Amino acid sequence: MSGSDTAPFLSQADDTGDGPVPGTPGLPGYVGNPKSENPEVPDRERLQRITGLSASRSALIVAVLCYINLLNYMDRFTVAGVLPDIEQFFNIGDSSSGLIQTVFISSYMVLAPVFGYLGDRYNRKYLMCGGIAFWSLVTLGSSFIPRERFWLLLLTRGLVGVGEASYSTIAPTLIADLFVADQRSRMLSVFYFAIPVGSGLGYIAGSKVKDMAGDWHWALRVTPGLGVVAVLLLFLVVREPPRGAVERLSDSPPLNPTSWWADLRALARNPSFILSSLGFTAVAFVTGSLALWAPAFLLRSRVVLGETPPCLPGDSCSSSDSLIFGLITCLTGVLGVGLGVEFSRRLRRSNPRADPLVCAAGLLGSAPFLFLSLTCARGSIVATYIFIFIGETLLSMNWAIVADILLYVVIPTRRSTAEAFQIVLSHLLGDAGSPYLIGLISDRLRRTWPPSFLSEFRALQFSLMLCAFVGALGGAAFLGTAIFIEGDRRRAQLHVQGLLREAGPEDDRIVVPQRGRSTRVPVSSVLI
């Protein structure tokens, strides 16, 4: 799940101490002496003077932002929790079902940079209030769409992406302007733990509300009501802190920003950033596919095993698998993030390549367990759940680590550009198309087999096996990251300390006469 999708949620200093290059204390990705047992606590009185907010008020603002982030991810996966009922109501196939998530992710992916631009220039509080209010109204309206207007459901899901983009790209910047150093890292970690918890609650809320109301439409009317509460809390509790003022407490040396094209060229020449972004794209592909299709696959498995009656027209589909999968998503998300950070922290003491190696181990380890969960589904649903639990735990190990890799291999003045590029890449090649691709493959396979419940199960089973293959490719990308991580990290640190200046396309050339005219040639060729 893929997926805001790549912003840091457990940012911490790198304490490898793997080289003689002295780092800059307080800078993310600092290479030098390990952090002390009692890190320096920022001067709260000075911080309060700068932000105009007390410590308790700042913590309350973070609590409100966490509540809304939780609500965002609940809404994303409420649809997945009642997907069999939506398929039956609109009489659509798997490819059309996958398009629901694809339209939402595509809208979110395209509009996130737009709201990032607006958030840097206008009042962020009012932008978020307007976006969440719009999102709540559109979600509520989607619950009243008649069965012959499936295209209207797709449109509303795309408009929901507008509202969520207005929040997900702005809220982390508020937290960054309220806290510094370790306090900022802790607050961001709490904020981003809402991703797995909210995703799981989406499945749970969707399935339970549908069971209690006897109608899946009511599942889409829960989050809009909670969204009204969110808008009120934003308006009454949240105050706009001055942008970047708390950075005066940072020890980071100032860097001159470069042009956007220069940033893109530098990122393209950074193999650790490119390969880790490709690895994270594989994570987004797998989590996006499982998020939408796992409950439907588990239901079809139970039907084939004779444990659950089939979902026939006019009947309400069983929602027990959505509930169980939601609980698994909550537990594996929290457990996987914690294990990944802890394994990386311990291994980093002896191996400077610990971060990409832990990510690679998580992806390569999850691939066989996800494959086993698919192959065992026709024999034992219990074994399927066990393998899904292990596979999702291993898959979740890299979420926080990927964010830290980006922070210490990219210099501060182009980290926002790097984050934006990683978000677009992971959604474009990951969870924006993977749900639709899985559904499309499933539909194509079903056309070649006689119609039956077994054919529906086998088609989705075989199409989901693509996730294990993509996961293995992502693990290979992280292994490649491990090859370059030390050199890229050292170069970033030297650049921050002013000991290394990146040469532009013309900076490393001088003018020499050649046959009556001036010619630019590399300095190295003249020296040789």
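Figures for the structure shown
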read-out: Estimated inter-spin distance, residue 452 and residue 380, nm [label 7 Å along Cα→Cβ]; value: 2.5
read-out: Listed residues 267, 390, 329: farthest to the positive end of the dipole of region 260-498 (Cβ charges); value: 267
read-out: In order through region 275-280: 3J(HN,Hα) via Karplus (6.51 cos²θ - 1.76 cosθ + 1.60), integer Hz, x for Gly, Pro; value: 5, 5, 5, 5, x, 5
read-out: Stretchable slack from residue 428 to residue 350, in nm (0.36 nm times residue separation minus alpha-carbon distance); value: 24.5 nm
read-out: In Å², nearest 10: area of residue 129 left accessible to a 1.4 Å probe; value: 20
read-out: Vicinal HN-Hα couplings computed from phi for region 141-152 (Karplus, 6.51 cos²θ - 1.76 cosθ + 1.60; Hz; Gly/Pro x); value: x, 5, 7, 10, 6, x, 5, 8, 10, 4, 4, 6
read-out: FRET efficiency, residue 147 to residue 56 (Cβ-Cβ, R0 60 Å, nearest 0.05); value: 0.75
read-out: Formal net charge of residues neighbouring residue 94 (Cβ-Cβ distance under 13 Å; K, R +1; D, E -1); value: +2
read-out: Sites residue 118 and residue 63, calculated FRET efficiency, Cβ-Cβ separation with R0 25 Å, nearest 0.05; value: 0.50
read-out: Accessible surface of region 260-498, 1.4 Å probe, proportion on carbon and sulfur as whole %; value: 70
read-out: In Hz, Karplus ³J(HN,Hα) per residue of region 339-349 (6.51, -1.76, 1.60; θ = phi - 60°; x = Gly, Pro); value: 5, x, 5, 5, 4, 5, 4, 6, 5, 4, 5
read-out: Surrounding net charge for residue 135, when Lys and Arg each add one and Asp and Glu each subtract one, Cβ distance under 14 Å; value: +1
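The values are calculated or read from the model by the stated rules, or taken from the named source; none is laboratory data. A quick note: this is a predicted structure, and the numbers were derived from the prediction, not measured. Glycine gets a Cβ as well: all are built from the backbone with ideal geometry, and neighbour counts include every protein chain shown. Surface accessibility is based on the protein's heavy atoms, side chains included, excluding ligands, DNA and RNA. Shrake-Rupley method; radii C 1.70, N 1.55, O 1.52, S 1.80 Å.
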